[in-house]
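Participant: Dumping the structure here so I can ask a few things about it.
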Amino acid sequence: MWQDKKVSVIFPTYNEKDSIRESIEDFFSSGYVDEIIVVNNNAAPGTDEEVQQTKARLVYETRQGYGHALWKGLEEATGELLILAEPDGTFSGRDVIKLLAFSDDMPVVFGTRTAREFVWEGANMGIFLKWGNYAVGKLMEFLFNTTFLSDVGCTMRLLHRSVYEAIRPQFTVGGSHFGPQIMLLVILNKFPFVEIPVNYRKRVGESSVTGSKVKAFVLGCRMILMILAYRLGSWAGALPKNRIGIE
């Protein structure tokens, strides 16, 4: 609980069998997490057995894709404060407190992995990924004249339930570029937000996307195209700028 609000964490899992149990225990150890929803998205054999040794709740999503897994986790979560993260060992349960502290003043808190002092030795945040995320974040910041953004690919973030309920009908992306879509929908619906640095550690195992520079490059291009499409669409009146009536 945080300020009498129930806190839910959503973990999508595909290839995190060797790290998921420790990640669950790490986030619960923060002392503020009430529930962890693990979404098995056609995960590696043995993942369920690891999760079942913890207090986390296991649910299933048969549609492949990072976005579809997070859709399912958000649907299943019952908390008023919703935290997205990944159970691959890269994120720290200690940072839950940071997100919650900022949630008192902001309905949306985005994490960034681009602050050098918070990137651990061995973390997959080399020059290509760091500056790629930074550049795409700056593109979004510039085109939408919004507050500081430096990392569009960081899963770790917090949404108040009211924000989630408002933007949920606008979800369309089931793949790996769902994270930037959340950011775009938050901006277009005029929700205040802040970006804060979070710890980024060495991953256990290899990522199915950022483990390959080619796949990461393709993903970055898809993100850029989506950002441009949303900007042009909003100018043309084809996308809701203020669908929920928040000024």
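The values are calculated or read from the model by the stated rules, or taken from the named source; none is laboratory data. Remember, predicted model here, so these are calculated numbers, not experimental data. Note that each Cβ is placed from the backbone with ideal geometry, even for glycine, and that neighbours are counted across all protein chains shown.
Participant: Mind counting the residues in the stretch 175-200 that are surrounded by fewer than 21 Cβ atoms within 10 Å (Cβ to Cβ) and touching an Asp or Glu at 6+ places or on another chain (Cβ under 9 Å)?
Facilitator: Result for the stretch 175-200: 6.
Participant: Right, next: Condition check: more than 20 Å from the chain's Cα centre (by Cα) and more than 26 Å from Lys98 (Cβ to Cβ). Does Gln53 satisfy that? Before you say what the answer is, go through the steps one by one.
Facilitator: Numbers: more than 20 Å from the chain's Cα centre (by Cα): yes; more than 26 Å from Lys98 (Cβ to Cβ): yes.
In short, yes.
Participant: With small (Gly, Ala, Ser), modelled with pLDDT of 95 or more and either out of contact with any Phe, Trp or Tyr (no Cβ under 8 Å at 6 or more places or on another chain) or closer than 18 Å to Gly67 by Cα (or both) as the only criterion, which of Gly179, Gly122, Gly126, Gly153 stands out? Step through it out loud before you land on a result.
Facilitator: Details: Gly122 fails: modelled with pLDDT of 95 or more; Gly126 fails: modelled with pLDDT of 95 or more; Gly153 fails: modelled with pLDDT of 95 or more.
That would be Gly179, the only listed residue that is small (Gly, Ala, Ser), modelled with pLDDT of 95 or more and either out of contact with any Phe, Trp or Tyr (no Cβ under 8 Å at 6 or more places or on another chain) or closer than 18 Å to Gly67 by Cα (or both).
Participant: Given the conditions (1) surrounded by fewer than 18 Cβ atoms within 10 Å (Cβ to Cβ); (2) of a type in the set (D, E, K, R); (3) in contact (Cβ under 8 Å) with a residue 60 or more places away in the chain; (4) assigned to a helix (DSSP H, G or I), report the number of the one that Glu165 does not fulfil.
Facilitator: (3)
Participant: Checking Glu50 against (1) farther than 15 Å from Leu159 by Cβ; (2) touching a residue at least 60 places away in the same chain (Cβ under 8 Å), only one condition comes out false. Which one?
Facilitator: For Glu50, the failing item is (2).
Participant: While we're looking at this one, here's another question. Pick out, from the stretch 1-78, the helices (runs of 4 or more DSSP H) lying fully within it that include 1 or more residues that are β-branched (Val, Ile, Thr).
Facilitator: Details: elements: 20-28, 47-51, 66-76.
Per the criteria, 20-28, 47-51.
Participant: Among (1) over 27 Å from Glu165 (Cα atoms); (2) more than 13 Å from the chain's Cα centre (by Cα), there is one condition Thr90 misses while meeting the rest; what is its number?
Facilitator: With (1) over 27 Å from Glu165 (Cα atoms); (2) more than 13 Å from the chain's Cα centre (by Cα) applied to Thr90, the lone miss is (2).
Participant: With the structure loaded, tell me whether Ala135 is under 19 Å from Ile182 (Cα atoms), in contact with a Gly (Cβ under 9 Å, 6 or more places away or on another chain) and free of Cβ contacts under 8 Å to residues at least 60 places away in the same chain or whether it fails that test. Talk me through it step by step, then tell me what you get.
Facilitator: Numbers: under 19 Å from Ile182 (Cα atoms): yes; in contact with a Gly (Cβ under 9 Å, 6 or more places away or on another chain): yes; free of Cβ contacts under 8 Å to residues at least 60 places away in the same chain: yes.
Yes, satisfied.
Participant: Taking the stretch 26-42 as the search range and keeping residues that are touching a residue at least 40 places away in the same chain (Cβ under 8 Å) and over 17 Å from Ala69 (Cα atoms), which one is surrounded by the fewest Cβ atoms within 10 Å (Cβ to Cβ)?
Facilitator: Taking the stretch 26-42 as the starting set, the residues that turn out to be touching a residue at least 40 places away in the same chain (Cβ under 8 Å) are 26-30, 32-35, 37-38.
Subset that is over 17 Å from Ala69 (Cα atoms): 26-30, 32-34.
Values: Asp26: 19, Phe27: 24, Phe28: 19, Ser29: 12, Ser30: 19, Tyr32: 20, Val33: 25, Asp34: 17.
Checking each candidate, the answer is Ser29.
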